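As structure tokens, the structure follows; a few thoughts come after it.
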């Protein structure tokens, strides 16, 4: 009987020690979970701020204002619209353009531009 009591007392002490360790491990995990939750909340707040900033930066009115101010751009005019044939006549380089580029010289296609923008009467 005495041996059984000693074994039971020893097992109670051992189990108490194991439960004590588990309690502190679970508290450490709870602290870690709380810290991760705070980090997730902070990241969500930051994403919200970034989305709001992105919406502001990509607003069409703001982009239009900046385009006018820094690039000198405005709304598209009907005279700026070309047919595919006019586009090909302007941007398809001639042998003279290729040769000028190879020699490092600039080429001003003013005459080709004027000719390409004339109304197309072959249709």
query: In the stretch 1-60, which residues are exposed (fewer than 10 other Cβ atoms within 10 Å of the Cβ) and touching a helix residue (DSSP H, G or I) at 6+ places or on another chain (Cβ under 9 Å)?
result: 56
- line: Counting only helices (runs of 4 or more DSSP H) entirely within the stretch 13-117, those with at least 3 residues that are at pLDDT 85 or above are 60-66
task: Under 9 Å between Cβ atoms, at least 6 apart or on separate chains: pull out the pairs that start in the stretch 63-87 with a residue that is within 24 Å of residue 53 (Cα to Cα) and end on any residue that is outside any helix (DSSP H, G or I).
output: 64/73; 64/74; 64/75; 67/73; 67/74; 68/74
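The values are calculated or read from the model by the stated rules, or taken from the named source; none is laboratory data. All of these numbers come straight from a predicted model, not from anything done at the bench. Positions of Cβ are generated from backbone atoms using ideal geometry, with glycine treated the same way; all protein chains shown enter the neighbour counts.
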